[in-house]
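Right, one structure below, let's go through it.
Just so it is clear, none of the values below were taken in a lab; they were calculated from the coordinates. Owing to the predicted nature of the structure, the values given are computational and were not obtained by experimental measurement. Cβ atoms come from the backbone with ideal geometry, glycine included; neighbour counts cover every protein chain shown.
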Amino acid sequence: MMARTTRTLVAAVAAVMIGAASFATPAAAGGSVSFTYIPRDAKQARALSSTLQLFAAFDGMKNGGIKQKGKNNSAGLAQNGSGNFGLVHQQGSGHKGTLTQNGNNNAYGLFQFGKKTRANVVQKGTGKVGTTVQWGW
């Protein structure tokens with residue numbers, strides 16, 4: 001049940017992102033693809049922030065954090081300021097991901113699936129919201 005809920009929430013985040021997604025890396029054999037979504041207005045930012053918090057709750061994280069399923073993954077989360085919410089979710093093997101938040105009341109979700117994806121996200125300012133989803137093969 002938890003795995004299905006996780007897939008459903010990730011699909012919901014991905015669906016929200018499709019409208020303004022940007023490809024960070026082209027799809028290729030033995031490669032990866034990344035989608036990053038940054039809301040364009042306050043309403044979208046609230047919706048994404050709420051979705052990230054719901055995902056974290058369903059994933060067993062009270063106030064955000066790091067969740068890893070697989071092997072040889074490494075992740076880091078650094079927060080400077082107050083009211084920040086950060087989430088790093090890795091599923092698969094060989095992922096490396098870091099999230100640094102500087103400022104107040106920011107929210108970000110970094111999701112890595114498959115194998116060998118890399119991300120180093122730095123969020124600065126106040127009230128910033130975003131997410132990155134990566135798949136590697």
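Table for the structure above
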{"item": "Dipole-positive endmost among S93, A78, V121 within the range 59-137 (Cβ charges, Cα centre)", "result": "S93"}
{"item": "Within the range 23-137, percent of DSSP bridges classed antiparallel, to nearest 5", "result": "15"}
{"item": "Under 5 Å, built H, 5+ apart or other chain: amide partners of A107", "result": "F85, K128, V129, G130"}
{"item": "Burial order of peptide ranges 52-60, 94-102, 70-78, 110-118 (average beta-carbon count within 10 Å, highest first)", "result": "110-118, 94-102, 52-60, 70-78"}
{"item": "For the range 67-126: rounded, prolate or oblate by the Cα gyration tensor [a/c cutoff 1.5]", "result": "prolate"}
{"item": "Sum of side-chain charges, G92 neighbourhood, beta-carbon under 9 Å (Lys, Arg +1; Asp, Glu -1)", "result": "+4"}
